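Step one of this worksheet: look at the structure below.
Nothing in this text is a laboratory measurement; each read-out follows from the coordinates by a stated rule. Bear in mind that the values here come from a model prediction, so they are computed numbers and not experimental data. Methodologically, a virtual Cβ is constructed for each residue, glycine included, from the backbone with ideal geometry; neighbour enumeration extends over all protein chains shown.
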Amino acid sequence: MTGKRILLIVGGGIAAYKSLDLVRRLRERGMSVRAVLTQAGAEFVTPLSLASLTGQEVHQELFSLTAEARMGHIELSRDADLVVIAPATADLLAKAAQGLANDLASTLLLATDKRVLAAPSMNLRMWLHPATRRNVETLRGDGMLFVGPGDGAMACGEFGPGRMSEPLEIVAAVEAALKGDTTIPLPGAKPRPLAGRRVIVTSGPTHEPIDPVRYIANRSSGKQGHAIAEAAAQAGAEVVLVSGPVTVPDPAGVKTVHVETAREMLQAVEAALPADVYVGAAAVADWRVGSEVVEKLKKGPSGPPSLGLVENPDILATVARHAKRPGLVVGFAAETQKVIDHAQAKLMRKACDLIVANDVSPATGVMGGDANTVHLVSKAGVETWPTLPKPEVAQKLIAHLAALIHAKEGGA
Ligand code: C5P
């Protein structure tokens, strides 16, 4: 859970003192905590205690010009992996259930795109009141998560449900919530079947230097690989795109690592592991010049130089046999003849789960072109798709991979 960011809303209840310990426990586990203190919360704990324990500014006002200039309330509501309300008072829950936004905490709860985990804390009659029952029911239906409350002696002398869960119980609920996708899509937004997954895509050619000015390359444009990376990001995945030299722009929402040679590409791919899916769409050069030539080669009486080619590492085969092998390893096969036969052989040789095979004979215009006709070759058989624009091939491929992952997990 290292590096996860929690937005903690501290409401006004006697249990607020436990929230100080909660901050410590979360930080011990490598999470960062940004605190919002309600006006009532500030009656129980001081902003200074929270600031000292979180190591960050404590946010209290909706209409604070200075705080708003540093970090607007919308940004504050989204710049976290999870929102936690502890203590979640009857008043905060009622406001959230109604969608009120008349102070900083309630506004953040309405504006956030992240899941919210509430640790209720209140007198047992308040917890058992039909109004609170209705509000909790509504909030559960809206997707709010709850931890507690527990039963026990209350600060007010009564005994029953309403005690805020202990900090370690809240930490366990936070960790459980963070294992899933904590982003809430906009109502009506497209489904995100790869949410919470990590995908590595390679794209483009590699350039293998002959001397400081010349290199061996191929005609790959990167259009197909880049479209796949973008489609994976749109499907909710965290995407690392390792790209050889191309002229197409870096796709939106993707971390792009630029490399030149096959060996650099392998290094960048290994550094990006582990992942759930690997798609090797790059046209990796099979060979490179054996010796490093530091000076430019000159024409001379001894005739053309011999390049002394040596084989490059096979990135796809390395990933497919890696200790950190992704659950789904997909290769491409660019062929000019016997497309499906060669793809089937490649599937076995490179130990991958799927080969996307296409005919790159010059007459097809696939290399560098905008459309592609692909055959999906796996142990299950061959599926041929109609000729489609490369972005559509990408979207269809990502939907196919998401279905494979879910089928695998469903059957496991
Ligand atoms: O053997 P061939 O080059 O046709 O295989 C193509 C597939 O293997 C593509 O997915 C490509 O990215 C990958 N490959 C690789 N490393 C190489 C050569 C190919 O990852 N050195």
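Things to note:
- Ellipsoid equivalent to segment 283-396 - semi-axes via the Cα gyration tensor, in Å: 33, 20, 13
- Cross-link reach list, aspartates and glutamates versus LYS190, counting only Cα pairs under 20 Å and skipping chain neighbours closer than eight places: ASP113, ASP142, ASP181, GLU230, GLU238, GLU392
- When you restrict to C-alpha pairs under 8 Å that are six or more residues apart and normalise by the size of segment 25-178, the relative contact order lands at 20 percent.
- Considering only alpha-carbon pairs that sit under 8 angstrom and 6 or more positions apart, the relative contact order computed for the chain is 10 percent.
- Phi angles across segment 368-380 convert, under the Karplus curve 6.51 cos²θ - 1.76 cosθ + 1.60 with θ = phi - 60°, into 3J(HN,Hα) values of x, x, 9, 10, 8, 10, 10, 10, 8, 10, 9, 4, 6 Hz, Gly and Pro given as x.
- Rough spin-label spacing in nm, given labels placed 7 Å along Cα→Cβ, for ASP142 and ASP79: 2.4 nm
- Using just its DSSP H runs of length 4 or more, each adding -39500 (n - 2.57), the chain gives a mean residue ellipticity at 222 nm of -10000 deg cm²/dmol after division by all residues.
- Length-normalised contact order for segment 1-107 - Cα pairs under 8 Å, 6+ apart - percent: 37 percent
- Within segment 1-108, the trypsin sites (Lys or Arg not before Pro) that combine a DSSP coil assignment with at most 16 other C-beta atoms in a 10 angstrom radius are ARG29.
- For segment 194-240 versus segment 382-401, the spacing of their alpha-carbon centroids is 17 Å.
- For the chain, the longest principal axis of the Cα atoms and the long axis of helix 167-179 meet at an angle of about 30 degrees.
- Modelled FRET efficiency - R0 51 Å, GLU409 with ASP21, Cβ distances, 0.05 increments: 0.90
- Computed from the C-beta positions of LEU309 and ALA380 and an R0 of 51 Å, the FRET efficiency is 0.90 to the nearest 0.05.
- Between helix 390-411 and the chain there is an angle of about 60 degrees, using the helix long axis and the longest principal axis of the Cα atoms.
- The GLN39 and GLN337 beta-carbon pair, evaluated with R₀ = 51 Å, returns a calculated FRET efficiency of approximately 0.10.
- Each residue, ARG263 and GLU28, gets one label point 7 Å from its Cα in the Cβ direction; the gap between the two is 4.7 nm.
- In loop segments of segment 343-396 as defined by DSSP, the trypsin sites (Lys or Arg not before Pro) with at most 12 further C-beta atoms inside 10 Å of their C-beta are LYS379.
- Whole-Hz ³J(HN,Hα) from phi, Karplus 6.51 cos²θ - 1.76 cosθ + 1.60, for segment 144-154, glycine and proline x: 5, 9, 10, 10, x, x, x, 8, x, 6, 9
- Segment 242-315: GluC sites (Glu not before Pro) in DSSP coil with no more than 11 other Cβ atoms inside 10 Å: GLU292, GLU295
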